[in-house]
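Peer 1: Before I ask anything, here is the structure I am working with.
The values are calculated or read from the model by the stated rules, or taken from the named source; none is laboratory data. The model shown is predicted, which means the values in this text are computed figures rather than measured ones. Positions of Cβ are generated from backbone atoms using ideal geometry, with glycine treated the same way; all protein chains shown enter the neighbour counts.
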Amino acid sequence: MDWIVNIGERAIKISLPDSMPDNIPFMATMNEKAVEVIWQRATRLLKYRDCTDQRSIWKSVHTRSKNVSRFAGEPDVGVSIEFTPSGRFSTTILEATVSMALHGVHSQNQGGAKKKIKSLRSQITGKVLKVFAKPSGKVEPGDVLLIIEAMKMENRILATSSAVVDAILVSEGSMVAVGAELIIFERNIQIEHRYVQARS
């Protein structure tokens, strides 16, 4: 089964078998690159290696699901995973959106950071720095709707099509979680996420 995993502005295509056997090697692909994978369900350990390199050694990561969210009418699933690479003590939080890659059907985020929506939801957990959109105001392509800061990165959400704002659901200084509704538009609008280093 094919999946599109969107991490920030990166889109990765992953092909997995319909069911993942426990503790038995199976084949998968990441952006057309063949990998061999072993999933140990009891310990939540994922081991993988590059099939195209005969000298490739097994690498492993410990994973823990922190959050999985899906909203009615939206094909994308928001996931938050905590993982610890083998040999390291520090953990990393990975936030991404995942959707099935079906022939002739395009995910809202597939192939880039643009998506068409009527209700704008946060893709990250962070602090709302600035809200530029105004209730009942019209937005044009290139307009910045709002800025959310997380982990010293600013997520600037831009309109790439015209629309009219129906409601603003957040205020400057408020904290938002992944999936929180931010802005509702009168009709579908195409938006784009841009991540930039926050000012120190």
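Peer 1: Which of the strands (runs of 3 or more DSSP E) found entirely inside the range 43-92 contain at least 3 residues meeting this: among the β-branched types (Val, Ile, Thr)?
Peer 2: Correct list: 59-70, 77-85.
Peer 1: Can you name every residue in the range 164-179 that is modelled with pLDDT of 85 or more, touching a strand residue (DSSP E or B) at 6+ places or on another chain (Cβ under 8 Å) and within 26 Å of ALA11 (Cα to Cα)? Even if it seems obvious, please write down each step before you answer.
Peer 2: Here is the first cut: in the range 164-179, the ones modelled with pLDDT of 85 or more are 164-177.
Still in the list and also touching a strand residue (DSSP E or B) at 6+ places or on another chain (Cβ under 8 Å): 164-176.
Once the filter is applied, which keeps residues that are modelled with pLDDT of 85 or more, touching a strand residue (DSSP E or B) at 6+ places or on another chain (Cβ under 8 Å) and within 26 Å of ALA11 (Cα to Cα), the range 164-179 yields only VAL176.
Peer 1: Go through the range 6-53 and give me each residue that's closer than 22 Å to THR92 by Cα and either assigned by TED's automatic domain parsing to the domain that holds ASN155 or small (Gly, Ala, Ser) (or both).
Peer 2: The answer is GLY8, ALA11, ALA42.
Peer 1: Further, regarding this structure: Among (1) at pLDDT 85 or above; (2) within 25 Å of LEU145 (Cβ to Cβ); (3) out of contact with any strand residue (DSSP E or B) (no Cβ under 7 Å at 6 or more places or on another chain), where does VAL79 come up short?
Peer 2: For VAL79, the failing item is (3).
Peer 1: Now, a different point. Do we find a residue being at pLDDT 85 or above, within 25 Å of SER15 (Cα to Cα) and either out of contact with any Ser or Thr (no Cβ under 7 Å at 6 or more places or on another chain) or polar (S, T, N, Q) (or both) anywhere in the range 106-129?
Peer 2: For the range 106-129, residues at pLDDT 85 or above, within 25 Å of SER15 (Cα to Cα) and either out of contact with any Ser or Thr (no Cβ under 7 Å at 6 or more places or on another chain) or polar (S, T, N, Q) (or both): absent.
Peer 1: While we're here: Please determine, by comparing only the residues of the range 150-167 that are surrounded by fewer than 19 Cβ atoms within 10 Å (Cβ to Cβ) and among the β-branched types (Val, Ile, Thr), which one is farthest from VAL196 (Cα to Cα).
Peer 2: VAL164
Peer 1: Sticking with this one: Quick test of your reading of the structure: VAL98 fulfils all but one of (1) more than 24 Å from ASN188 (Cβ to Cβ); (2) at pLDDT 85 or above. Name the failing condition by number.
Peer 2: Among (1) more than 24 Å from ASN188 (Cβ to Cβ); (2) at pLDDT 85 or above, the lone unmet condition for VAL98 is (1).
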